[in-house]
Amino acid sequence: MNYQETIEYLFNSTPVFEKVGAKAYKPGLQTTETLDKHFGHPHRQFKSIHVAGTNGKGSCSHTLAAILQSEGYKVGLFTSPHLVDFRERIRVNGECISEQYIIDFVEKERRFFEPLHPSFFELTTALAFKYFAEQKVDIAIIEVGLGGRLDCTNIITPILSIITNISKDHTQFLGNTLADIAGEKAGIIKPGVPVIIGEDLPETRPVFLQKAQKENSPIIFAQDENQQEVQKAEHINGKMEYTTRTWGKLTGELCGDYQAKNMNTILNAVKYLTLVKNKGTSIKYGISHVTELTGLMGRWQKIQDKPLVICDTGHNVGGWQYLAPQIKAQACRQLRIVFGMVDDKDVTTVMKMLPKNAIYYWTQATTKRAIKVEKIAELGTSLGLNGNVYSSVNKAFKAAQADAAEDDFIFVGGSSYIVADFLS
């Protein structure tokens, strides 16, 4: 098989959450442990940082990787989902895993793993750990796929655990209350391993404290140890400027308003990472060169000027609490929004946040989980949002482009899969 055939094999022969949702969810670690034993427990050959949370996992993981790379370490990065190419999920110092490695892995190992019927994510995790071990990375940032306690990445024993925040998402798997969801995320807290809690709520703090005490794990609540003198970062020349207590002014490359919360989580994490010796220098360079060092895409990403085009992967209520006000605050002649969502989100609550004065280009992504564009449009009309229906993200964006003047603002989002189709 060539690379494209290999990727199609992986997507078609294993249950893929991004494609079919709940049918692909496979809680528990038995298959992962079998794969891990077969490959010689590769995750034991490198240090790791484990990152869970409802929102912000990707930004925090990529930024920490950039900081550690700036310190001179060889850094593995395992994240999901990908936007354009499967290989984005597995990187070393920003370089994607090679096509040939994936081909060879499948051809050599399929006789072993096919009888196990692993999920797509279980197999991808095994591939990543094996690759990182063979690449002899110094440390790997490992992002949880879904939840934490039963996620297949949870076989690792990291040097640091991070839980970015908790909001209601994937409730059919993780529970209907914030405390229930926090309990699943807290499952990554390991005996004696420090844990950073990026944001906590009255319902979630006791859950984290109880688990940390049970595991004798030092726990740091980032909101209690705010590293920023000024809570709201300033937008200056297309960058985010942070005023910090320890490292003075820092300029961040990622420009979503939500990055201020992520930055406090990251700065607390680095403070407790003894691996980072030249903290000020590495933080300064890492946060200002995240996309260059790691290849991160889709976080308030500017595509062009005149008209200004931004895309963002925010896909749930927690993300849109930040995105909606930032979009509304744009100084422009006309807001134009290319929008679609998938079926396991609180679509109505998100769409109630959308600006009424925008023109909408309703669409759907090329995933079975996409909500039919007609349903999105119908809901939009009921909420007083005006727009037209387009059968693909490409057609929707082309229409927005054709309609736009140079001083308009075009936003593309609502789902990671909308952004994936757009960037593709």
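The values are calculated or read from the model by the stated rules, or taken from the named source; none is laboratory data. Treat the numbers as computed from the prediction; the structure is a model and nothing was measured. Backbone-built Cβ (ideal geometry, glycine too); neighbour counts: all protein chains shown. Heavy atoms of the whole protein, side chains included, go into the accessibility calculation; ligands, DNA and RNA do not. Shrake-Rupley method; radii C 1.70, N 1.55, O 1.52, S 1.80 Å.
Determine, yes or no, whether THR291 is open to solvent by 30 Å² or more (accessible area, probe 1.4 Å), under 18 Å from the mean Cα position of the chain (by Cα) and at pLDDT 95 or above. If you could, list the steps in order and put the result at the bottom.
Details: open to solvent by 30 Å² or more (accessible area, probe 1.4 Å): yes; under 18 Å from the mean Cα position of the chain (by Cα): yes; at pLDDT 95 or above: yes.
Yes; evaluated as a whole, the condition is true for this residue.
Return a yes/no flag: does the stretch 330-337 have any residue that is surrounded by 22 or more Cβ atoms within 10 Å (Cβ to Cβ) and assigned by the TED database to the domain that holds ASN394. Spell out how you get there, then give the answer.
From the stretch 330-337, those surrounded by 22 or more Cβ atoms within 10 Å (Cβ to Cβ) are 336-337; that's our starting set.
Checking which are assigned by the TED database to the domain that holds ASN394 leaves us with 336-337.
Taking every residue of the stretch 330-337 in turn, at least one turns out to be surrounded by 22 or more Cβ atoms within 10 Å (Cβ to Cβ) and assigned by the TED database to the domain that holds ASN394.
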Tell me whether the stretch 300-307 contains one or more residues that are buried (at least 22 other Cβ atoms within 10 Å of the Cβ), assigned to a strand (DSSP E or B) and among the charged types (D, E, K, R). no
Residues of the stretch 110-146 classified as of a type in the set (Gly, Ala, Ser) and surrounded by fewer than 23 Cβ atoms within 10 Å (Cβ to Cβ), total: 2
Given (1) of a type in the set (A, V, I, L, M, F, W, C); (2) surrounded by 23 or more Cβ atoms within 10 Å (Cβ to Cβ); (3) within 21 Å of LEU254 (Cβ to Cβ), number of the condition CYS96 does not satisfy: (2)
Count of residues meeting criterion [farther than 14 Å from VAL195 by Cβ and within 18 Å of the chain's Cα centre (by Cα)] in the stretch 143-171: 12
Has the stretch 263-276 got any residue that is open to solvent by 50 Å² or more (accessible area, probe 1.4 Å) and not assigned by the TED database to the domain that holds VAL193? no
Would you point out the residue of the stretch 55-81, among those that are open to solvent by less than 10 Å² (accessible area, probe 1.4 Å) and among the hydroxyl-bearing types (Ser, Thr, Tyr), that is nearest to the chain's Cα centre (by Cα)? SER59
Within the stretch 211-222, can one find any residue that is open to solvent by less than 60 Å² (accessible area, probe 1.4 Å), in contact with a strand residue (DSSP E or B) (Cβ under 6 Å, 6 or more places away or on another chain) and among the hydroxyl-bearing types (Ser, Thr, Tyr)? yes
Check VAL193 against each of (1) touching a His at 6+ places or on another chain (Cβ under 9 Å); (2) touching a residue at least 40 places away in the same chain (Cβ under 8 Å); (3) among the aliphatic types (A, V, I, L, M) and name the one condition it does not meet. (2)
Residues of the stretch 284-299 that turn out to be of a type outside the set (Asp, Glu) and not in a loop (DSSP other than H, G, I, E, B), as a count: 9
Going by what's in this entry, would LYS345 be described as in contact (Cβ under 8 Å) with a residue 24 or more places away in the chain, among the basic types (Lys, Arg) and surrounded by fewer than 22 Cβ atoms within 10 Å (Cβ to Cβ)? yes
Here's a check for you: in the stretch 324-343, which residue that is in contact with a helix residue (DSSP H, G or I) (Cβ under 8 Å, 6 or more places away or on another chain) and at pLDDT 95 or above is farthest from THR367 (Cα to Cα)? LEU335
Residues that are closer than 24 Å to ASN93 by Cβ and basic (Lys, Arg): does the stretch 283-302 have at least one? yes
If we take the stretch 359-424, then strands (runs of 3 or more DSSP E) inside it with 2 or more residues that are in contact (Cβ under 8 Å) with a residue 60 or more places away in the chain and of a type outside the set (A, V, I, L, M) are 409-413
Report whether or not ASP180 is in a loop (DSSP other than H, G, I, E, B) and either within 18 Å of CYS60 (Cβ to Cβ) or not aromatic (Phe, Trp, Tyr) (or both). no
